[in-house]
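These notes are about the structure you will find just below.
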Amino acid sequence: MKIIKQISDMQRVIKIEKQQGKKIGFVPTMGFLHEGHQTLLQEARKNNDIVVLSIFVNPLQFGPNEDLDAYPRDFERDEEIAKLRGVDFLFYPSVEEMYKENRTTIIKVEQRVDVLCGKHRPGHFDGVATVVMKLFQIVSPDAAYFGMKDAQQVAVIEGLITDYHLPIELVKVGTVREEDGLAKSSRNVYLTEEERTKAPSLYKSLTLGKSLLEDGEKVHTVKQKMEEDILLQTGYKAEYVEIYAYPTLQELEKVKEAESVIIAIAVKFSKARLIDNIVFSYNKGE
Ligand code: PAF
């Protein structure tokens with residue numbers, strides 16, 4: 001595995017690989033790799049000749065109240081994981097390398113951002129879209145791998161790829177779960193012992209919502225029942241329970257024939273704020 005810190009070096013090695021007809025799989029991350037990232041790397045390894053992992057904590061996607069410096073980092077551990085997962089190139093640029101002082105543009109995401117987590121993080125997805133676009137230009141991947149745990153991010157990237165005609169396959173990788181259904185996340189360690197026993201009820205609530213919708217229950221009623229269920233099971237009021245068409249993230253009522261639907265929830269436990277979602281195909285009126 002080669003560690004590359006300069007954009008020009010990354011572009012040079014990718015050009016050589018591409019000239020040899022190699023298929024490039026790309027996993028962009030902010031490091032501190034967990035099992036979800038490892039699944040992305042595994043998928044990329046299975047289906048590509050070359051796997052590129054990027055580690056870059058992107059300042060542009062942090063709000064003024066979000067502590068960029070407190071974001072967890074452990075490069076040595078990440079490097080070991082990357083080697084074990086068969087990464088060929090680890091792209092690890094500095095902030096100065098990625099954002100030159102004379103930067104003149106930034107991507108503004110106009111849809112899919114005023115709901116779910118985006119509603120509470122103005123500008124966050126502009127930062128994500130901008131850095132992902134830059135990384136795509138640097139790595140020129142044939143396929144890029146993103147986890148559906150961050151379903152809104154995936155929806156934004158899907159829009160980016162379409163809007164800018166990028167010849168990149170977006171591979172959406174399903175959420176990795178513990179045996180009891182709890183979505184794996186580095187934040188789970190902040191749950192108390194008691195909260196940990198209650199946290200799997202988030203996923204149970206999502207599946208309850210799915211079956212209610214499939215039984216023809218109204219969106220409003222499903223949300224209400226899920227909110228009650230979450231409060232009863234966890235003792236916490238859900239920050240949100242939302243149901244939208246996916247990936248457009250439009251109100252379900254406004255969509256004639258939604259191909260897919262997302263049910264998403266966020267619950268703030270004493271320390272950990274957990275998010276989870278399920279996306280499934282759904283035909284209104286069937
Ligand atoms: O999901 C992440 O880790 C980040 O948002 C991403 C896609 C690497 C962009 O900085």
Just for helices (runs of 4 or more DSSP H) wholly inside the stretch 151-235: which have at least 3 residues that are within 29 Å of residue 140 (Cβ to Cβ)? 151-163
Do we have any residue at all in the stretch 98-115 that's more than 14 Å from the ligand (Cβ to nearest atom), in a helix (DSSP H, G or I) and either without any contact (Cβ under 8 Å) to a residue 24 or more places away in the chain or surrounded by 12 or more Cβ atoms within 10 Å (Cβ to Cβ) (or both)? no
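Looking at 125, 146 in this structure, which one is of a type in the set (Phe, Trp, Tyr) and under 13 Å from residue 108 (Cα atoms)?
125
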Among the residues of the stretch 20-36, count how many are within 13 Å of the ligand (Cβ to nearest atom) and within 14 Å of residue 187 (Cα to Cα). 4
Output yes when any residue across the stretch 134-149 is over 25 Å from residue 53 (Cα atoms) and either acidic (Asp, Glu) or over 14 Å from the mean Cα position of the chain (by Cα) (or both), and no when none is. no
Scan the stretch 49-76 and report the pairs whose first residue is closer than 27 Å to residue 24 by Cβ and more than 12 Å from the ligand (Cβ to nearest atom) and whose second residue is hydroxyl-bearing (Ser, Thr, Tyr) and in a loop (DSSP other than H, G, I, E, B), with Cβ atoms within less than 8 Å and a gap of 6+ or a chain change. 75/92
Give the stretch 118-168 a look and list any residue that's more than 11 Å from the ligand (Cβ to nearest atom) and β-branched (Val, Ile, Thr), or say none. 138, 139, 161, 162, 168
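Here is a yes/no grid of residues against (1) in contact with a Cys (Cβ under 6 Å, 6 or more places away or on another chain); (2) over 21 Å from residue 172 (Cα atoms); (3) among the basic types (Lys, Arg); (4) at pLDDT below 95:
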| site | (1), (2), (3), (4) |
| --- | --- |
| 5 | no, yes, yes, no |
| 9 | no, yes, no, no |
| 39 | no, no, no, no |
| 50 | no, no, no, no |
| 82 | no, no, no, no |
| 109 | no, no, no, no |
Please state which of the following conditions residue 190 fails to meet, knowing it meets all the rest: (1) at pLDDT 95 or above; (2) surrounded by fewer than 20 Cβ atoms within 10 Å (Cβ to Cβ). (1)
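Looking at this structure, is residue 67 among the acidic types (Asp, Glu), part of a helix (DSSP H, G or I) and either surrounded by fewer than 19 Cβ atoms within 10 Å (Cβ to Cβ) or under 19 Å from the mean Cα position of the chain (by Cα) (or both)?
Working: among the acidic types (Asp, Glu): yes; part of a helix (DSSP H, G or I): no; either surrounded by fewer than 19 Cβ atoms within 10 Å (Cβ to Cβ) or under 19 Å from the mean Cα position of the chain (by Cα) (or both): yes.
Judged against the criteria, residue 67 is not a match.
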Among residues belonging to the stretch 193-211 that are among the aliphatic types (A, V, I, L, M) and crowded, with 19+ Cβ neighbours inside 10 Å, point out the one that is farthest from residue 30 (Cα to Cα). 206
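The values are calculated or read from the model by the stated rules, or taken from the named source; none is laboratory data. Not measured: the values here are computed from a predicted model. A quick note on method: Cβ atoms are made from the backbone with ideal geometry, for glycine too, and the neighbour counts reach across all protein chains shown.
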